[in-house]
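Structure first, then comments.
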Amino acid sequence: MSSERKEGKIKRNANALIFPADKRTLANQQRTMMEHSDLLEIVRRPLSPDVEVEVQASREEYERVEAILENEESKYPRLWYDGTRNVAIVAAPPSRLHSNMVGGLLASIIREVSRNQGISSEVGDGLTLSTESGNTRGRTTRGWDGVIEYQEPNRSSLMIAVEVGVSQSYESLRAAISWSVCALHCRLGIVICIREQGRRQTPHPLQYSSIQVENAAVDEAEQDFRRQLMERPYGPLVRDGVTWFGRIKRVVLETYRIPDEDVLPETLLQPSRSFTIVEEGEFVGGDVPPNLQEVVLGDCIPDHILSGEAIVATPVNFFRRAWFEAQFKEGMVSTAGNRMRPRPE
């Protein structure tokens, strides 16, 4: 279990020990904050998947709202804090497309590392995945979409961090991955930036007479969406004249590295490599190097675990069109299907 998960478990157990008087205090605090807290108002507002909202707030206000969410044991929205700008970041749940690309990319990297002839099964067993964890440095608390860690008996090393943005601002993606690389000292950062177009806003979800009727209707629509992808591999996905997923305008894959050991935690990095995978609804990534011209075993496993510079520099050829398109298309279908379901209040 990672240190972040242990910490979360400890917090949940501590919440379970709150006495009635303490709960009344939290309830009174929440009522007081509701009268004047823009941050709590945003947290209570229903948010579409993948949305991130930035709210100007003090660190103290962030901590009070975070305490309310922890007491309610709410997994979403996630709440982070940028101490350099005094901004709270409210993150909605990820869409299936978002989750598919995070999990697919991390799994592809680990699978390729495990297949390498120079890596023993014992060494390969040290690779682990972690998703949606938070870390604090100074006054800033941020999370990642996913990370590859290397577990040793007495320590854990962060190796590769991943951020995926579905119609998220490029600036916020760069800020998120820069934090993982510069503040948390991940060896490498990888970003997938996805731009959907042709759907001005999420259509109003349909209403169904029962959950059985809802599931049957969504299942039928998803089968139709898969047929549409045979003609239009990157959308749009349309049902009864309504666009439930727009055409993919662009997908860009980027890598980020720390420029030097003295870099400040709040540094905003420029990508070291940038490759366009999809452009105007067409796959154009056929010439993208399978290791993006730089991903090597030394990015996944600490150098002292590997034997020799040649092994450290062995390319990790994780990028394959087959897994990319399979994960991406199924993510589009599932995201479109979920948009057809009634939203929770």
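Just so it is clear, none of the values below were taken in a lab; they were calculated from the coordinates. Because the structure is predicted, anything quoted here is derived from the model rather than measured. So basically every Cβ, Gly included, is an ideal-geometry build from the backbone, and we count neighbours across all protein chains shown.
Where does the chain land on the Kirkwood hydrodynamic radius, alpha-carbon pairs, in angstrom? Taking every pair of different Cα atoms in the chain, averaging 1/r and inverting gives 21.9 Å.
Gyration tensor over the Cα atoms of the range 80-173: the corresponding equivalent ellipsoid has semi-axes (square roots of 5 times the eigenvalues, largest first) of 29, 18, 9 Å. Apply 1/(1 + (r/R0)^6) to the Cβ-Cβ distance of ARG45 and GLU122, taking R0 = 41 Å, and write down the FRET efficiency to the nearest 0.05. The formula returns an efficiency of 0.25 here. Under conditions of 37 °C and 0.692 mPa s, the range 254-345 yields 197 µm² s⁻¹ as its translational diffusion coefficient, taking Rh as the Kirkwood radius over Cα pairs in the Stokes-Einstein equation. Taking other C-beta atoms within 10 Å as the exposure proxy, SER210, SER167, SER48 rank SER210, SER48, SER167 from fewest upward.
For the range 66-149, which trypsin sites (Lys or Arg not before Pro) are in a loop by DSSP, counting at most 16 other Cβ atoms within 10 Å? For trypsin sites (Lys or Arg not before Pro) across the range 66-149 that sit outside H, G, I, E and B with at most 16 neighbouring Cβ atoms in 10 Å, the list reads LYS75, ARG85, ARG139. Taking amide H atoms as placed 1.01 Å from N in the peptide plane, the amide H of TRP144 lies under 5 Å from those of GLU132, SER133, each 5 or more residues away in sequence or on another chain.
Extension gain, ARG155 to ASN86: 0.36 nm times the residue separation minus the Cα-Cα distance gives 21.6 nm.
For the pair VAL263 and ASP38, the difference between a 0.36 nm per residue extended length and the Cα-Cα distance amounts to 77.6 nm. Working from Cα pairs under 8 Å separated by at least six residues, relative contact order for the chain is 16 percent. Relative to the globular-protein estimate of 2.2 N^0.38 Å, the Cα radius of gyration of the range 119-165 stands at 1.33.
Simple spin-label estimate for ARG341 and GLN56 gives 3.8 nm between the two label positions (7 Å along the Cα-to-Cβ direction from each Cα).
Calculate, in whole percent, how much of the Cα-Cα pair population of the range 143-243 lies beyond 24 Å. Don't skip to the answer; put the middle values down first.
Details: 2553 of 5050 pairs.
Everything past 24 Å amounts to 51 percent.
Residue ranges 294-300, 160-166 sort as 160-166, 294-300 when ordered by packing (mean number of other C-beta atoms within 10 Å per residue, highest first).
Relative to one another, the C-alpha centroids of the range 80-99 and the range 267-324 are positioned 26 Å apart.
Find the relative contact order for the range 35-174 and round it to a whole percent, using C-alpha pairs within less than 8 Å whose residues are 6+ positions apart.
Working: 200 pairs, mean separation 30.1, N = 140.
Averaging sequence separation for qualifying contacts and normalising by length gives 22 percent for the range 35-174.
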